[in-house]
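One structure is given here, and the rest of the page talks about it.
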Amino acid sequence: MTPTAEEKVPPRLSFLDLLQCFLRSFFLQAVWNVERYLNYGFAFVLAPALKRLYPVREERAQALTRHLEYFNTHPYMASFVLGAVLRMEEEKQTLPRPKQKQKEDEINALKVGMMGPIAAMGDNLFWATVRPYCGLLAITLVLSQAFTPGSRAWIIPVLFLAVFNVAHLGVRGLGFLQGYRQGDQVVLALRKYGFQAAIRGLKLASILLVGVLIVFVNMGELDREVGLFILKLSFFSALVGLFTFALHRKIAPGQLYYAVVLIGLILAYWPELSTPPTHLLEGVK
Amino acid sequence: MMEHWLAITLLLGFLSLDATAAGQFMLSRPIAVGALVGLLTGHPEVGLLVGALVELIWIGEVPVGSHLPADLLILAGIATALAAELVRGGAPPEAAMTFAIGTAIPLAILSTELEGLLRRLHVRWAHFAQRMAGSGHFGTFDGVNTLVLLGLFLKGLLTAAASLFIAHLAGRLFHLLPDRVVDGLYYAHWLLLALGCSAAIDLMVEKKTSPFLVLSIVTALTAAFFQIPGVWMVSGALLAGFILTLIYAGKGETA
């Protein structure tokens, strides 16, 4: 080993490097492909950090290629892995050469080990819980005509985007920071954030909104006749049960849509049918 | 061609990037797209209602693994543009919305197929990027991201333009429909709300949490009988949901 190599100060990531990587993480899925999924995205996010950590061109090319292996996870939760890998790459450069290969294996093992569990958690948390919750909140407000007709209707989509993105950006930021702070120990830290508890709580909160929604869409009849309201609500609930069963049997919503339109047409040709509720659309002209 | 078609096409082209490739801030979700296209066409209420209905019916569509859900951006955007055009032409809003969403569904499926095709083409981009990384052409490696984003934007733009044109042609058929069929579309709108509630229940409710649904319906019914305004009912549900979340969050991890 040459004396110059001994004395060389290992490069460190600056705040700007980390910021660049964080901003690039919003493009993680751009080159989503059916072969290795987010492999390019992962390397693209790390590229500014690798530029700093590997000043020698060949070493940088090698490091970038190393991160082009198969990778697939939830785009928001990926920030935990990205942060941790950045820290580990930085640590790798402080090690003597013989130990660097071992660190590379550890980095690969962390990526492979974490991507599955955090993908499952992210899909359940964001796609199956937070987004439907925000959607239901907006839908209930639209159908309750809380802000329509009128000029304040824009509040609803803005509220939807604001609530969702607080959770989205919060998890992205938290993941990136904690990943970078804790390195490979971030796996252990993941449990303490209470994602599973949040999923349970938000799912219950969503169920409450669905209950309110079912009553809302039939409330127009209440002003006319209570008996008719009860009848319509019962019919509506029976349909909800039927459609839930169909969806549970994996019939696609698009197929059910046309089935429902067909039922509507049959009802239209039914001579003695009373007019369905119209209150939802009274403001739309 | 539809009024504001160029503005709608550009809007949908940009928002198509948000769906997967860039950011994922949910600007491409039906509730946001419906509102934006509704504003552009001068029918914000129609946009909100179409967006809400599409968001509700497809609430259970989750992109897990390699599964590509239906392109809800095209579905909500095109349906709103068509519904606004039909309403402007004097069609009943409920029937117009049902017709417009029904027209947009096959277009959304085609757009999803096109997205799948692009993702297969992205394999070549990924291979090219790997060669560039290996040979030390880091600028070209980074440039792949921009080129792919440009490709996706063009795909979004062309899909939106073609879909708007097809929807506009289909819209002409609406005025040829017999009154009974228009009545049927009108009835179907109410039935579709039932389908939407089912989609939410299918996604959210499990056997052990079903009592919460019953409790919520009974409470909302009681509130309705006492003429409590809708916004207070939503606020009550939100507050109860918040308390439940806190209770569960306080219990920590069990799994």
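Tally time: how many residues in the range B:62-77 are more than 7 Å from chain A (Cβ to nearest Cβ), surrounded by fewer than 24 Cβ atoms within 10 Å (Cβ to Cβ) and at negative phi? Reasoning before the result, please.
Of all residues in the range B:62-77, those more than 7 Å from chain A (Cβ to nearest Cβ) come to B:65, B:67-69, B:71-77.
From what's left, surrounded by fewer than 24 Cβ atoms within 10 Å (Cβ to Cβ): B:65, B:67-69.
Keeping just the survivors that are at negative phi gives B:67-69.
Counting residues in the range B:62-77 that are more than 7 Å from chain A (Cβ to nearest Cβ), surrounded by fewer than 24 Cβ atoms within 10 Å (Cβ to Cβ) and at negative phi gives 3.
Can you say whether A:GLY122 is in a helix (DSSP H, G or I), under 23 Å from A:GLN196 (Cβ atoms), touching a residue at least 60 places away in the same chain (Cβ under 8 Å) and open to solvent by less than 60 Å² (accessible area, probe 1.4 Å), as far as the supplied structure shows?
Numbers: in a helix (DSSP H, G or I): yes; under 23 Å from A:GLN196 (Cβ atoms): yes; touching a residue at least 60 places away in the same chain (Cβ under 8 Å): no; open to solvent by less than 60 Å² (accessible area, probe 1.4 Å): yes.
Judged against the criteria, A:GLY122 is not a match.
Got a number for residues in the range B:87-99 being among the aliphatic types (A, V, I, L, M), assigned to a helix (DSSP H, G or I) and surrounded by fewer than 24 Cβ atoms within 10 Å (Cβ to Cβ)?
Summing the residues that are among the aliphatic types (A, V, I, L, M), assigned to a helix (DSSP H, G or I) and surrounded by fewer than 24 Cβ atoms within 10 Å (Cβ to Cβ) in the range B:87-99 gives 1.
Is it the case, given these coordinates, that A:VAL215 is touching a helix residue (DSSP H, G or I) at 6+ places or on another chain (Cβ under 9 Å), β-branched (Val, Ile, Thr) and more than 7 Å from chain B (Cβ to nearest Cβ)?
Details: touching a helix residue (DSSP H, G or I) at 6+ places or on another chain (Cβ under 9 Å): yes; β-branched (Val, Ile, Thr): yes; more than 7 Å from chain B (Cβ to nearest Cβ): no.
Considered against the rule, which asks whether it is touching a helix residue (DSSP H, G or I) at 6+ places or on another chain (Cβ under 9 Å), β-branched (Val, Ile, Thr) and more than 7 Å from chain B (Cβ to nearest Cβ), A:VAL215 comes out as no.
With (1) open to solvent by less than 10 Å² (accessible area, probe 1.4 Å); (2) farther than 30 Å from A:LEU28 by Cβ; (3) touching a residue at least 40 places away in the same chain (Cβ under 8 Å) as the list, and B:PHE165 as the residue in question, which single condition is left unmet?
(1)
So the check is Cβ under 6 Å with 6+ separation or different chains; which pairs have a first residue in the range B:179-204 that's under 11 Å from B:ILE57 (Cα atoms) and more than 7 Å from chain A (Cβ to nearest Cβ) and a second one that's of a type in the set (A, V, I, L, M, F, W, C) and in a helix (DSSP H, G or I)?
That search, which allows pairs on different chains as well, returns B:GLY196/B:LEU56; B:GLY196/B:ILE57.
Give A:ALA30, A:ALA138, A:ALA49 a once-over and let me know the one that is outside any helix (DSSP H, G or I), in contact with a helix residue (DSSP H, G or I) (Cβ under 6 Å, 6 or more places away or on another chain) and of a type in the set (A, V, I, L, M, F, W, C).
A:ALA30
Being open to solvent by 10 Å² or more (accessible area, probe 1.4 Å) and facing chain B (nearest Cβ under 10 Å) narrows it down to one of A:TYR193, A:TYR180, so name that one.
Working: A:TYR180 fails: facing chain B (nearest Cβ under 10 Å).
Matching residue, one of A:TYR193, A:TYR180: A:TYR193.
Which residue is nearest to the chain's Cα centre (by Cα), if the candidates are limited to the range A:251-274 and must be outside any helix (DSSP H, G or I), modelled with pLDDT of 55 or more and not acidic (Asp, Glu)?
As a first pass, look at the range A:251-274 and keep what is outside any helix (DSSP H, G or I): A:251-252, A:269-274.
Now restrict to residues that are modelled with pLDDT of 55 or more: A:251-252, A:269-273.
Okay, now just the ones that are also not acidic (Asp, Glu), so A:251-252, A:269-271, A:273.
Numbers: A:ILE251: 24, A:ALA252: 22, A:TYR269: 44, A:TRP270: 45, A:PRO271: 48, A:LEU273: 44 Å.
Per the criteria, the residue is A:ALA252.
When the range B:135-161 is examined, which residues are found to be open to solvent by 50 Å² or more (accessible area, probe 1.4 Å) and more than 8 Å from chain A (Cβ to nearest Cβ)? If you could, list the steps in order and put the result at the bottom.
Of the range B:135-161, the ones open to solvent by 50 Å² or more (accessible area, probe 1.4 Å) are B:135, B:137, B:139-140, B:146-147, B:150, B:154, B:158.
Those that are open to solvent by 50 Å² or more (accessible area, probe 1.4 Å) and more than 8 Å from chain A (Cβ to nearest Cβ): B:HIS137, B:GLY139, B:THR140, B:THR146, B:LEU147, B:LEU150, B:LEU154, B:LEU158.
Mind checking which residues of the range B:84-102 are under 17 Å from the mean Cα position of the chain (by Cα), closer than 24 Å to B:ALA200 by Cα and within 11 Å of chain A (Cβ to nearest Cβ)?
Kept after step one, since they are under 17 Å from the mean Cα position of the chain (by Cα), are these residues of the range B:84-102: B:84, B:97-102.
Checking the rest, the ones that are also closer than 24 Å to B:ALA200 by Cα come to B:97-102.
Listed by number, the residues that qualify are B:MET97, B:THR98, B:PHE99, B:ILE101, B:GLY102.
Being outside any helix (DSSP H, G or I) and not aliphatic (A, V, I, L, M) is the filter here; which residues of the range B:132-179 pass it? If you could, list the steps in order and put the result at the bottom.
As a first pass, look at the range B:132-179 and keep what is outside any helix (DSSP H, G or I): B:135-137, B:175-178.
Of everything in the range B:132-179, those that are outside any helix (DSSP H, G or I) and not aliphatic (A, V, I, L, M) turn out to be B:SER135, B:GLY136, B:HIS137, B:HIS175, B:PRO178.
Of the numbered conditions (1) more than 8 Å from chain A (Cβ to nearest Cβ); (2) open to solvent by 10 Å² or more (accessible area, probe 1.4 Å), B:ALA35 satisfies every one except a single condition; which is it?
Just one mismatch for B:ALA35, condition (1).
Would the range B:111-128 turn up any residue that is in a helix (DSSP H, G or I), out of contact with any strand residue (DSSP E or B) (no Cβ under 8 Å at 6 or more places or on another chain), open to solvent by 50 Å² or more (accessible area, probe 1.4 Å) and under 30 Å from B:LEU49 (Cα atoms)?
yes
If I filter the range B:165-172 for residues that are more than 25 Å from B:PHE14 (Cβ to Cβ) and facing another protein chain (nearest Cβ under 7 Å), do I get at least one hit?
No, the conditions are met nowhere in the range B:165-172.
Please verify whether A:GLU35 is acidic (Asp, Glu), closer than 16 Å to B:PHE141 by Cβ and either open to solvent by less than 20 Å² (accessible area, probe 1.4 Å) or out of contact with any Leu (no Cβ under 9 Å at 6 or more places or on another chain) (or both), treating the condition exactly as stated. Spell out how you get there, then give the answer.
Working: acidic (Asp, Glu): yes; closer than 16 Å to B:PHE141 by Cβ: no; either open to solvent by less than 20 Å² (accessible area, probe 1.4 Å) or out of contact with any Leu (no Cβ under 9 Å at 6 or more places or on another chain) (or both): yes.
For A:GLU35, the condition - acidic (Asp, Glu), closer than 16 Å to B:PHE141 by Cβ and either open to solvent by less than 20 Å² (accessible area, probe 1.4 Å) or out of contact with any Leu (no Cβ under 9 Å at 6 or more places or on another chain) (or both) - is not met.
Among the residues of the range B:205-226, write down those that are touching a Phe, Trp or Tyr at 6+ places or on another chain (Cβ under 9 Å) and more than 7 Å from chain A (Cβ to nearest Cβ). Outline the logic, then answer.
Taking the range B:205-226 and keeping what is touching a Phe, Trp or Tyr at 6+ places or on another chain (Cβ under 9 Å), we get B:205, B:220, B:223-224.
Selection gives B:ALA223 alone.
The values are calculated or read from the model by the stated rules, or taken from the named source; none is laboratory data. Since we're looking at a predicted model, the values are computed, not measured. Cβ sites come from the backbone with ideal geometry, for glycine too, and all protein chains shown count toward neighbours. The protein model used for the area step is the full one, side chains on, heavy atoms only, and it has no ligands, DNA or RNA in it. Shrake-Rupley method; radii C 1.70, N 1.55, O 1.52, S 1.80 Å.
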